[in-house]
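Laboratory data are not the source of any read-out in this text; all were calculated from the coordinates shown. Given the structure is predicted, the values throughout are model-derived calculations rather than measurements.
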Amino acid sequence: MADSKAPPPVPAGGGDKIEEESLDSDGLKVEDNTIPIAVAVIVGLLTLLLLYLYTRKRRLGREVLICGICDSGKTTLFSQLLSAKLVQTYTSMTHNQMTLPVENKSSVELVDVPGHERVRGQVLESFSSTARAILFVVDSNTVSKQIRDVAECLHSILSLQIISQNSPPVLIICNKQDADLAKGSPAVQNLMEKEIEKVRRTRSSQLAGIEGDEGSVVFIGKEGKAFEFKDLACEVQFEECSAIDLETLPGVKKWICEKA
Ligand SMILES: Nc1nc2c(ncn2[C@@H]2O[C@H](COP(=O)(O)OP(=O)(O)OP(=O)(O)O)[C@@H](O)[C@H]2O)c(=O)[nH]1
Ligand SMILES: [Mg+2]
């Protein structure tokens with residue numbers, strides 16, 4: 001008859017130690033799951049991160065908005081980019097939208113947003129949530145005289161909550177470089193940063209007095225320091241060109257392809 005109190009057979013080669021580590025207080029076998037759990041957590045987090053990046057990119061939509069004040073050259077640029085044709089333009093009172101094919105990528109929807117303040121606001125309302133990128137056109141010849149309007153226009157776009165949240169990249173196009181008094185991009189940037197700083201201060205004090213009005217408008221740049229484009233969440237670049245001259249537009253086309 002077998003002895004019921006006989007100890008269990010001991011495996012060869014230091015089995016004592018293995019048994020000790022894999023048994024819990026009740027004598028049940030416990031497996032060490034630390035590594036599989038860690039791998040599962042890392043895979044889960046990476047999946048969430050990829051999902052976030054994917055949906056964020058999708059939320060940007062396909063629209064490339066051409067913005068700027070009246071007469072800066074938006075419709076001229078729109079026509080040149082789409083059909084390489086110089087057209088006779090008139091003050092736009094409604095937006096133009098056309099599909100622009102992009103090499104090796106999905107096409108984008110080019111939207112010419114009228115400079116007229118009232119129409120501009122309505123069009124921006126429709127497209128701001130899906131803007132993939134923004135071309136902001138400046139007349140480099142008259143920018144000194146019109147700097148307040150130019151700064152207010154760009155500030156009004158960048159401070160929209162949805163634009164600030166999605167942060168589409170911005171190309172500031174210093175247009176009309178063919179004109180004798182045209183300013184170069186460093187001078188345009190300098191003028192714009194100084195004026196946006198003033199606009200920002202005025203807007204902040206106005207907003208402070210109206211409770212709850214901050215809803216769709218946000219502060220742009222860094223608080224407590226002068227406004228600089230490099231402090232924005234979105235990427236901002238400058239490009240010099242003349243919309244009337246197709247040969248000056250490769251930089252703009254390349255930028256659109258990169259951001260498409
Ligand atoms: N010299 C010069 N003139 C330009 C250039 N680009 C546009 N223009 C002229 O500037 C004027 C206004 O151009 P538009 O393209 O109509 O301007 P816009 O920004 O669409 O203006 P709105 O529709 O009023 O918002 C037209 O007479 C264009 O021919 C340029 O690079 N150089
Ligand atoms: Mg126009």
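For segment 61-259, what percent of Cα pairs sit more than 21 Å apart?
On the way: 9722 of 19701 pairs.
Taking all Cα-Cα pairs of segment 61-259, the fraction more than 21 Å apart is 49 percent.
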Check: Given H placed on each backbone N at 1.01 Å, which residues far from Phe136 in sequence or on other chains put an amide H within less than 5 Å of it?
Finding: Cys67, Leu171, Ile172, Ile173
Check: Got a sec to turn the phi values of segment 143-150 into Karplus ³J(HN,Hα) couplings, 6.51 cos²θ - 1.76 cosθ + 1.60 with θ = phi - 60°, whole Hz, x for Gly and Pro?
Finding: 4, 4, 5, 9, 4, 4, 5, 4
Item checked: For Ser92, residues with placed amide H under 5 Å, excluding near neighbours -> Gly115
